[in-house]
């Protein structure tokens, strides 16, 4: 422990030196909101990385090479992932034109060693001191479980919840998951973690409990009033008109609730895509749901099982596009398990007087179920995943999705067709060896240059916003240590603080503020300077800029406070080699709502878009007065 003490002494000595960073808080909270929470999503068709600016007059030549990224899962006849393939085993066609593979990377699901030993450089010195040291599983894909109560029948929900818990108790070691629940809205019940106990316990939260939302699919066989009266021989010519009018109203009601569910589900996909957009690499979305009958082909029409065609394609086009751009592969799992026709269900008390009515009921149920499974197949195929239905082995289905999502090949190519007009382009990947199945995204939209450049320019902001999302994985591009202390008891909110908090959605409609108190926190940061990138200045000094971001969140993960501060570190000429072996030290104070239950902190190098993050549960643990 002697070396740790020396490190601590050196850190505190650096606070007194003339080279300490200068913190400048940004007063406009609206700017922080725009920077962190309202940025656009990152493109998966990535531009060439920009070169860093320097202080010299050297001309910098910038080039942009469009690359299409493809994550390809290869499975054998037993549905196991195939490893050991080489670049020459693959060939890519875009709109039937051969493409040259520019890069190839095999992912096997194995953990990697960390490059920087954060625990050695920045040891944890006690209570309320946190280090965002990298972990061996950081190179593994991110897995999201979406438990869709909204589209799952009430009677199937307990089985689904039990199957999810059973899988999580036996999940692959070090595999990281986040859990969302879709009911009245999308809820994040657990951020990314590999802790089985945390994941399982999150299913006990009220948002994940069995429920029957207003928009949820109603039980029954879809029998209309006309069907019921006809079966009983009571439908007369005089009643035909009024009964058909009632049937029409009932069908309109079903269609209305279907449309609402589709809109809400598509919105959830978009939110999750945005949540994951700031992270490079493959992400797997495992969607446990009863599904809904709507075509999801980007250029297709929706299927309405009730007779009238409803076009959801613009919204679905955007949702699928967001997922593919964010490298999100969707694995739909039919939560209802092995399905039988409602005609044969014990809950169906209908008596069919004629073979024709029985046959019609069978056709309608078959069409509706086929439409639901078509939705799942097309969504999976379009994003590079796979659908699972007609099976009661939900645990095995989830395990298979995780296995496939961890063992894959990433290929890239630059399209030979240089005309970017926003049109859909088809992708076909072939394998030289036979007998294998391939899963990958089958298309993308070739955005025009203006739209492409806008999204490319927004990519760094998406990265910063994504890393500040509550529950997102920790970023380790910059490793740092922070000590957080609560200063005194909560105090009454001031008028200026009311003005700031009113900019957040959580407080926007609040009229009374008597029950809102503010808690002051002091944050002390330590960053090994060997990570930082300095630029030479005309006077011979070396300098770097850093941003310190802090966000507070309530129990639902809703942002309720944010602050951005900047720091400039300058090293005198001739001292650079010596100082680089030391530690950057800075202090930040903030007043956050006392009701906050999460604090997420980030250190960012805006010049090179490097960031490190830490997420801290509140309230803080008690500590001794001399612990600081």
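Quick look at the values:
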{"read-out": "Computed lengthening from residue 543 to residue 432, 0.36 nm per intervening residue step minus Cα-Cα distance", "value": "34.7 nm"}
{"read-out": "Residues listed by number, the range 462-492, amide nitrogen under 16 Å from residue 205 label point at 7 Å toward C-beta", "value": "469-473"}
{"read-out": "Residue exposure sequence - 469, 403 - by fewest surrounding Cβ within 10 Å", "value": "403, 469"}
{"read-out": "Cα-projected label distance for residue 198 with residue 453, points at 7 Å along beta-carbon direction, nm", "value": "4.3 nm"}
{"read-out": "Sequence of 598, 287, 162, 513 once ranked by neighbouring C-beta atoms within 10 Å, starting from the fewest", "value": "162, 513, 598, 287"}
{"read-out": "Simple label model, 7 Å out from Cα along Cβ direction - residue 566 to residue 510, nm", "value": "2.9 nm"}
{"read-out": "Exposure proxy order (Cβ contacts within 10 Å, fewest to most) of 597, 144", "value": "597, 144"}
{"read-out": "Inter-label distance for residue 498 and residue 83, nm, one decimal - labels placed 7 Å from Cα along Cα-to-Cβ", "value": "6.2 nm"}
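Every number here is computed from the coordinates shown, using simple stated rules; none is lab data. If you're wondering where the values come from, they're calculated on a predicted model, not measured in any experiment. No Cβ is skipped: glycine too gets one built from the backbone with ideal geometry, and neighbour counts run over all protein chains shown.
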